[in-house]
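The values are calculated or read from the model by the stated rules, or taken from the named source; none is laboratory data. If you're wondering where the values come from, they're calculated on a predicted model, not measured in any experiment. Note that each Cβ is placed from the backbone with ideal geometry, even for glycine, and that neighbours are counted across all protein chains shown. Accessible surface areas use protein heavy atoms only, side chains included; no ligands, DNA or RNA. Shrake-Rupley method; radii C 1.70, N 1.55, O 1.52, S 1.80 Å.
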Amino acid sequence: MLSKLEKAQAKWGGASQVIDAWLDARKQLLIAYCELAGLPPYDSDERSLPPPSQITQFCQQLVDYASTGHFEIYEQIVSECANDGDTLPGEKLLPQITETTDTALAFNDKYAELNEDLELGSFDKDLSQLGQEMEARFAIEDELLDHLYQHSQQSEAAE
């Protein structure tokens, strides 16, 4: 996921401050995910739950990232494309992103405030599923950004 992010930053980085900040937030979320999951380079020899504060912080980053996308980025992209009669992002891509948001919110609801009866197996399974949903979401977001990029290139060429 991090290598795909680097490609996205190389392709769209510098296009706007909003997109740069959004891609940076994605990077921070991915780093937090890797730390939480014990993925390289954050390997952990122990098979135990991460500290509750780390899980809570990750959940906050996750919700912040999802909110920024929905309330700042996506609508801006969709409306910019729709001004020229292009409704593809709104019709096709946003419903797909919403599905991944539901998974993120469910994870947050379950783990933002930990209780004592939480089991490692359940956490690992949910974190793994969340990782798959995050990867799918990032691919859809990249498609959305690419669509905006191509749209802006066509608009510039028409002028």
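Let's see how each residue does on (1) loosely packed, with under 14 Cβ neighbours inside 10 Å; (2) out of contact with any Leu (no Cβ under 8 Å at 6 or more places or on another chain); (3) at pLDDT below 90:
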position: N108; (1), (2), (3): no, no, no
position: A112; (1), (2), (3): no, yes, yes
position: N115; (1), (2), (3): yes, yes, yes
position: F123; (1), (2), (3): no, no, yes
position: Q129; (1), (2), (3): yes, yes, no
position: Q132; (1), (2), (3): yes, yes, no
position: R137; (1), (2), (3): no, yes, no
position: E141; (1), (2), (3): no, yes, yes
position: D146; (1), (2), (3): yes, yes, yes
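Considering the stretch 59-81 alone, what residues qualify as being free of Cβ contacts under 8 Å to residues at least 40 places away in the same chain and either open to solvent by 30 Å² or more (accessible area, probe 1.4 Å) or under 18 Å from D102 (Cβ atoms) (or both)? Steps first, please.
Filtering the stretch 59-81 for residues free of Cβ contacts under 8 Å to residues at least 40 places away in the same chain gives 61, 64, 66-67, 70-71, 75, 78-79.
Matches in the stretch 59-81: Q61, D64, A66, S67, H70, F71, E75, S79.
Within the stretch 49-85, can you find the residues that are farther than 17 Å from Y33 by Cα and at pLDDT 85 or above? Please lay out each step first, then the result.
Filtering the stretch 49-85 down to residues farther than 17 Å from Y33 by Cα leaves 67-85.
Across the stretch 49-85, the qualifying residues are S67, T68, G69.
Kindly evaluate L88 against the criterion of being touching a His at 6+ places or on another chain (Cβ under 9 Å) and at pLDDT 80 or above. Spell out the reasoning first.
On the way: touching a His at 6+ places or on another chain (Cβ under 9 Å): yes; at pLDDT 80 or above: no.
For L88, the condition - touching a His at 6+ places or on another chain (Cβ under 9 Å) and at pLDDT 80 or above - is not met.
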